[in-house]
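One structure below.
The values are calculated or read from the model by the stated rules, or taken from the named source; none is laboratory data. Since we're looking at a predicted model, the values are computed, not measured. So basically every Cβ, Gly included, is an ideal-geometry build from the backbone, and we count neighbours across all protein chains shown.
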Number of protein chains: 2
Amino acid sequence: MRRILLVLAAAAAVVVAVAGAEPVLRQVTDVPTAVSWGVSDADALFCDSWRLSVETANAGPWRTVPARCGASVRAYMEGERYASDSAVAAAESLAFAAQALASGEGGAMPAWVFDVDETLLSNAPYYAVSGWGLQEFNETSFDAWVDVAKAPALPSSLKLYNELQGLGFHIILLTGRSELQRNATEDNLLFAGYNSWEKLILRRISDIGKTAVQYKSERRAAMEAEGFKILGNSGDQWSDLIGLPMATRSFKLPNPMYFIS
Amino acid sequence: MRRILLVLAAAAAVVVAVAGAEPVLRQVTDVPTAVSWGVSDADALFCDSWRLSVETANAGPWRTVPARCGASVRAYMEGERYASDSAVAAAESLAFAAQALASGEGGAMPAWVFDVDETLLSNAPYYAVSGWGLQEFNETSFDAWVDVAKAPALPSSLKLYNELQGLGFHIILLTGRSELQRNATEDNLLFAGYNSWEKLILRRISDIGKTAVQYKSERRAAMEAEGFKILGNSGDQWSDLIGLPMATRSFKLPNPMYFIS
């Protein structure tokens, strides 16, 4: 019963934040009933180590959060750790960016690439009502959430974005979202406070079936061919960051909720 | 006063563990006096995030642990988190190794590369009396510690090592230590319980001045030319793992104490 109340409370919180989104969110509340949202000490220790293994890519490909780690992932995402880890990544990004620009590494067209989901925008309100990654990705309900276009900014990413623009970086957004989601994505970015990006690159029909690594590497190569010098790249998946050509420095943002190859 | 007692207690513990090593250890006990070994909540939060940024390579090159994180690094290394993080990395390594071998990926000469320091052997007893990374690397005192040849095994690495040998992997040790340290390194590996490695590769005079990435990549290329298929690579530094050719899968072991480029 307590479990049900918690789920309802989370759903209610999202409905407050995202007026009009109830029909979308209601269909994804079927969290596995075996999940306990209390965290035992043993689970906390294991799940902290599991999260680290995801962040370092030791975990390799995975489909869902381990059942015993649902509560830990939720506590991480809702607590101060996620915000702190994101803020430290942003601070390190800015320190590098300022130094690289000062040393002339960026040439005439210094650029910074950002991924969108869990990098500029947070889908935590969606995952809060869909089991924090315990369930496999549901494209239908996630696409409906994308169309609502009310995902909030990750605060530390918005701050970094504005600081990089202030330094003179060209900001390029490179997302696995589809061209069919261009309008919703632009609306959501503006809603969240992002402005004046140089380009927003989405998957075309010809990109369907490519891995994120292949698709994103090809687009980075195309940007370099256009004359951009990609000094930095921020993403929550290693598939945002690896593959040639790579940015001079890549910054891995935390994401214990899902994996994209 | 309490601070001094703690340092003395740590030194005493090491002397018990490493009989005869007192002359080596006594010279590295000059921990900065400004260090407090208590961890405030704010420092704990920041330092956990800093450690994550080291493990994901977001931090980039660094010379010493931030002053405010000395106590946090010590608590991490001495507590259950370091052991747990290392054990999860080892379990993920073994799961991959078994699956890769079963699928025939390893060919006739499947190999696994291990780094030595903070991978097979733990230098925590040395760092316990030299400030847990708050001070810059002291080659003289570290080399003296290496000559003592009494560093213990990382328990989860020793277990993985034996399991990989049981599966039929060729075990190759690739370390940044010098050929001058071959005897001490072999003695220490045997002392710690490691046996029957295929090769132990150390830096030759011609490798001096190379970065770890360059030196280790060259040696992985040489191993591949000899016919080894490097399925896995375990190391506590990204410089153990990146650079071409890479292993099929690389496993980053935790190390918040020092950085090697």
Inset, instruction - Please enumerate the residues belonging to the stretch B:92-103 that are in a helix (DSSP H, G or I), small (G, A, S), out of contact with any Phe, Trp or Tyr (no Cβ under 8 Å at 6 or more places or on another chain) and more than 9 Å from chain A (Cβ to nearest Cβ). - result: B:A98, B:A100, B:A102
Legend entry - Residue, nearest to the other protein chains (Cβ to nearest Cβ), within the stretch A:73-88, restricted to residues that are in contact (Cβ under 8 Å) with a residue 60 or more places away in the chain and touching a helix residue (DSSP H, G or I) at 6+ places or on another chain (Cβ under 6 Å): A:D85
Legend entry - Members of the stretch A:55-86 found to be under 17 Å from A:G131 (Cβ atoms) and either part of a loop (DSSP other than H, G, I, E, B) or among the β-branched types (V, I, T) (or both), listed by number: A:W62, A:R63, A:T64, A:V65, A:P66, A:V73
Inset, instruction - Might you let me know whether the stretch B:200-210 holds any residue that is under 11 Å from B:F114 (Cα atoms) and at pLDDT 95 or above? - result: yes
Legend entry - Filtered residues of the stretch A:198-235 (kept if touching a residue at least 40 places away in the same chain (Cβ under 8 Å), touching a Phe, Trp or Tyr at 6+ places or on another chain (Cβ under 8 Å) and not small (G, A, S)): A:I230, A:L231, A:N233
Inset, instruction - Could you figure out which of (1) surrounded by fewer than 24 Cβ atoms within 10 Å (Cβ to Cβ); (2) under 16 Å from A:S53 (Cβ atoms); (3) of a type in the set (A, V, I, L, M) isn't true of B:A89? - result: (1)
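Condition check ((1) among the charged types (D, E, K, R); (2) at pLDDT 90 or above; (3) farther than 14 Å from B:G133 by Cα) across all residues:
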{"residue": "B:M1", "(1), (2), (3)": "no, no, yes"}
{"residue": "B:P32", "(1), (2), (3)": "no, no, no"}
{"residue": "B:S49", "(1), (2), (3)": "no, yes, yes"}
{"residue": "B:S53", "(1), (2), (3)": "no, yes, yes"}
{"residue": "B:V88", "(1), (2), (3)": "no, yes, yes"}
{"residue": "B:A95", "(1), (2), (3)": "no, yes, yes"}
{"residue": "B:V116", "(1), (2), (3)": "no, yes, yes"}
Inset, instruction - For the stretch B:195-205, indicate whether the set of residues that are over 30 Å from B:N58 (Cβ atoms) and under 17 Å from the mean Cα position of the chain (by Cα) is non-empty. - result: yes
Inset, instruction - Considering each residue of the stretch B:124-167, count those that are more than 15 Å from B:G193 (Cα to Cα) and not small (G, A, S), and give that number. - result: 19
Legend entry - Selection within the stretch B:244-259 - out of contact with any Asp or Glu (no Cβ under 6 Å at 6 or more places or on another chain) and touching a residue at least 40 places away in the same chain (Cβ under 8 Å): B:A247, B:T248, B:R249, B:F251, B:K252, B:P256, B:M257, B:Y258, B:F259
Inset, instruction - Test A:Y194 against the criterion of being aromatic (F, W, Y), without any contact (Cβ under 8 Å) to a residue 40 or more places away in the chain and surrounded by 14 or more Cβ atoms within 10 Å (Cβ to Cβ), and give yes or no. - result: no
Legend entry - Residues that are buried (at least 20 other Cβ atoms within 10 Å of the Cβ) and out of contact with any Pro (no Cβ under 8 Å at 6 or more places or on another chain), drawn from the stretch B:157-175: B:S157, B:L160, B:Y161, B:L164, B:I171, B:I172, B:L173, B:L174, B:T175
Inset, instruction - Collect the residues in the stretch B:165-180 that are of a type outside the set (S, T, Y) and under 16 Å from the mean Cα position of the chain (by Cα), keeping them in residue-number order. - result: B:I172, B:L173, B:L174, B:G176, B:R177
Inset, instruction - Residue by residue through the stretch A:212-261, note down the ones that are β-branched (V, I, T) and either in contact with a Gly (Cβ under 9 Å, 6 or more places away or on another chain) or within 11 Å of chain B (Cβ to nearest Cβ) (or both). - result: A:V213, A:I242, A:T248, A:I260
Inset, instruction - Answer yes or no: is there a residue in the stretch B:107-125 that is hydroxyl-bearing (S, T, Y), buried (at least 18 other Cβ atoms within 10 Å of the Cβ), in contact (Cβ under 8 Å) with a residue 40 or more places away in the chain and assigned to a helix (DSSP H, G or I). - result: no
Inset, instruction - Quickly run through the stretch A:41-62 and pick out the residues that are more than 9 Å from chain B (Cβ to nearest Cβ) and either of a type in the set (V, I, T) or on the phi > 0 side of the Ramachandran plot (or both). - result: A:V54
Inset, instruction - Being among the aliphatic types (A, V, I, L, M) and surrounded by fewer than 20 Cβ atoms within 10 Å (Cβ to Cβ) narrows it down to one of B:L200, B:L231, so name that one. - result: B:L200
